[in-house]
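Engineer: Please see the structure below; I have some questions.
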Amino acid sequence: MRRLFPVTDQTPAAGQATAPSHGSSRGPSEPLPGPGSPDPSGPLADREWSLDELAEAYAYPVLEDGAHWLRANMVSTLDGAAQHEGRSQPISGESDMRIFGTLRGLADVVVVGAETVRQEGYRPARAREAFAGRRAAAGQGPAPAIAVVTAGLDLDFSLPLFTSPLVATLVVTGAAAPADRVAEAVRAGAEVVVAGDGASVDPARALRELAGRGLRRQLTEGGPRLLGQIVAADALDELCLTISPVLTAGDAQRIAGGPPLAVPHRLAPACVLEEAGFLFTRYRRI
C-alpha cells in the first residue's frame with residue numbers, strides 16, 4: 001500500500017537554490033527533506049498497511065453534537081462498471097476487501113438497499129477483535145448495525161441478517177409500507193424505522209432517523225439505485241471509491257443510478273492510496 005495523495009512535492013522549482021545548511025554534507029543538487037519525502041518505513045512505502053494504519057487513514061471526522069457523517073464505499077472498473085454479472089465481488093480484490101472491513105469496523109451503521117441485500121447475500125456484520133478497543137473507546141457496540149432501505153419489504157426475513165445479528169438489523173421504510181411485511185420484519189427481530197410519508201424512503205430523513213438513534217458514523221454500500229437517491233438528496237458527505245484495474249465492457253450499472261442532477265455535485269479529493277494496481281480514493285463534500 002502506498003499513499004499517493006496528499007503528498008508534499010519536494011522537487012525544487014526552477015532556479016530555486018538547494019544549497020546545504022551550515023554543517024550539512026548534503027550536496028547542492030539534492031533537494032532538502034520534508035514531511036512529504038518518501039520514507040522506506042513510512043506511509044509512502046509500498047508495503048502492507050496494518051489495520052490500525054488503515055483505521056487512522058479512514059477515521060471519521062470529529063462530529064458536533066447531533067451531527068452525522070455519511071460516507072459511501074463503492075468499487076468501479078476502469079470503464080465505469082460497478083458490478084460484473086450483477087455482483088461487485090468479481091471486480092474487487094484482497095486489498096479492497098481489507099478497506100471494506102476497515103470502513104465497517106469504524107461505522108455505527110451500514111446503510112444498504114434491499115436489492116443489494118438480495119444480490120450480494122448480505123449477512124450480519126461481525127465483531128472483529130482488531131477494532132474492539134477502538135470501538136469501545138468511541139462508545140460503539142461490537143459491530144455496526146445493518147440498515148436495509150426498502151419500500152416493499154421484499155426480503156427473506158428467515159435469513160441470519162434478520163434472525164441472528166449481533167446488533168438488531170434495521171428495516172428503513174415508508175409509512176405506507178405493506179403492514180403484513182412490516183409485521184413479519186418485527187417478528188423476525190428487526191427494528192422498523194419509518195422515514196417517509198408514503199411507501200418510499202426519504203434518504204435525508206432516513207439518515208436523520210438513524211442519527212437520532214445514536215448511529216451517527218454512517219456508511220452506505222449502495223447499491224447504485226440507493227446511492228443515486230442519496231446523491232440526489234445532497235446527503236452524501238464522503239465517497240470512498242475503489243478503482244479496480246479491470247475492464248468489463250457490457251452494460252453494467254455505474255456506482256450511482258437514477259435521473260441526472262440538474263447541477264453536478266463537485267467533491268474535493270482527500271486521499272489516494274494504491275496497492276496491486278487498485279486505487280483507493282476518498283472525496284469529501286466541499
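Engineer: Treat every Asp and Glu Cβ in the chain as -1 and every Lys and Arg Cβ as +1, leave all other atoms uncharged, and give the resulting dipole magnitude about the Cα centre to the nearest 20 debye.
Structural biologist: 340 debye
Engineer: What do you get when you divide the Cα radius of gyration of the stretch 189-286 by 2.2 N^0.38 Å, with N the number of residues?
Structural biologist: Here the answer is 1.25, to two decimals.
Engineer: Okay, next question. Say a site is exposed when it is one of the GluC sites (Glu not before Pro), sits in a DSSP loop, and has at most 13 other Cβ atoms within 10 Å; what is then the longest site-free stretch of the chain?
Structural biologist: Value returned for the longest uninterrupted segment is 86-286.
Engineer: Carbon and sulfur atoms: what percent of the 1.4 Å accessible area of the chain do they account for?
Structural biologist: 54 percent
Engineer: Rounded to the nearest 5, what % of the DSSP beta bridges within the chain are antiparallel ones?
Structural biologist: Just about 40 percent of them are antiparallel.
Engineer: Expressed in whole Å with the largest first, what are the equivalent ellipsoid semi-axes of the chain derived from the C-alpha gyration tensor as the square root of 5 times each eigenvalue?
Structural biologist: Each semi-axis is √(5λ); the values are 40, 20, 18 Å.
Engineer: If you don't mind, another one. May I ask you to list the trypsin sites (Lys or Arg not before Pro) in the stretch 79-187 that are in a DSSP loop and have at most 16 other Cβ atoms within 10 Å of their Cβ?
Structural biologist: Arg126, Arg128
Engineer: If you roll a 1.4 Å probe over the heavy atoms of the protein chains, what accessible area per residue do you get for the chain, in Å²?
Structural biologist: 51 Å²
The values are calculated or read from the model by the stated rules, or taken from the named source; none is laboratory data. Given the structure is predicted, the values throughout are model-derived calculations rather than measurements. Methodologically, a virtual Cβ is constructed for each residue, glycine included, from the backbone with ideal geometry; neighbour enumeration extends over all protein chains shown. With ligands, DNA and RNA removed, areas are computed over all heavy atoms of the protein, side chains included. Shrake-Rupley method; radii C 1.70, N 1.55, O 1.52, S 1.80 Å.
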